[in-house]
1. Among the numbered criteria (1) of a type in the set (A, V, I, L, M, F, W, C); (2) under 14 Å from the mean Cα position of the chain (by Cα); (3) open to solvent by 70 Å² or more (accessible area, probe 1.4 Å); (4) farther than 30 Å from R35 by Cα, which one does V175 miss?
2. Of all the helices (runs of 4 or more DSSP H) wholly in the stretch 13-103, which have at least 2 residues that are open to solvent by 20 Å² or more (accessible area, probe 1.4 Å) and under 19 Å from E165 (Cβ atoms)?
3. Just to be sure I understand, how many residues within the stretch 160-171 are surrounded by fewer than 19 Cβ atoms within 10 Å (Cβ to Cβ) and at negative phi?
4. Do you know which residues across the stretch 121-135 are among the charged types (D, E, K, R) and either closer than 14 Å to I93 by Cβ or at pLDDT 95 or above (or both)?
5. Does any residue of the stretch 146-160 turn out to be free of Cβ contacts under 8 Å to residues at least 24 places away in the same chain, closer than 21 Å to G40 by Cα and of a type in the set (V, I, T)?
Amino acid sequence: MIRRPPRSTPLYSSAASDVYKRQMIEIVNWQFDHRLSELGVIPRTSQGLIGIILSPFLHTGFDHLFVNTLPVLFLGTFAALQGRRPFLLTIMIIIIGEGFLLWCFGRTAVHVGASGLAFGLFGYLVARAWYHRGLWSLTVGIVVVVFYGGLLVGLSPTIKGMSWEGHLFGLIAGVISARILWRRDAVQSSNPAR
């Protein structure tokens, strides 16, 4: 069986493009006095459904955006090394999964920010190391835990003004994404294309 390697993605291109889009959206949001942030996830309301998709792109200010930028860029770069298609699928699963769980089970508030995505990428990379158990995946998993294991403090419900539920649901969505992609890879390797 001859398998083509995944289409190469320049190291920072996918993750950096994502960060750039968030910065442009924050500039527009700032121009509108952050009224766009009202489009975040508002649990169990019809108005809050749009936030499932939009909330990771909306922030309460440049400081909020900055705090989310480095983890998304660092973790997103490692996730993007798996190839463009798995990266985009992972991002989609995390955003929709985290947003939906937050909409169903989150406390009543407007939830915005990319920190759920950062937690999702963290969960994805660590779970991927668990499921794949290859040298590269394990190395990435260890590096991620060493550099960003402190993120787990963000799961504490005692920190005011922070959506710990978004962090938790992002982490869960990332683990689910790793499981889905691992199963997909297992099925594809057992049924090689002719």
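1. For V175, the failing item is (3).
2. 51-54, 62-80
3. So the answer is 3.
4. Listed by number, the list holds a single entry, R128.
5. Yes, the stretch 146-160 has at least one match.
The values are calculated or read from the model by the stated rules, or taken from the named source; none is laboratory data. This structure is a prediction, so every number in the text was calculated from the model and none was measured. Cβ sites come from the backbone with ideal geometry, for glycine too, and all protein chains shown count toward neighbours. Side chains included, ligands, DNA and RNA excluded: accessible areas come from the protein's heavy atoms. Shrake-Rupley method; radii C 1.70, N 1.55, O 1.52, S 1.80 Å.
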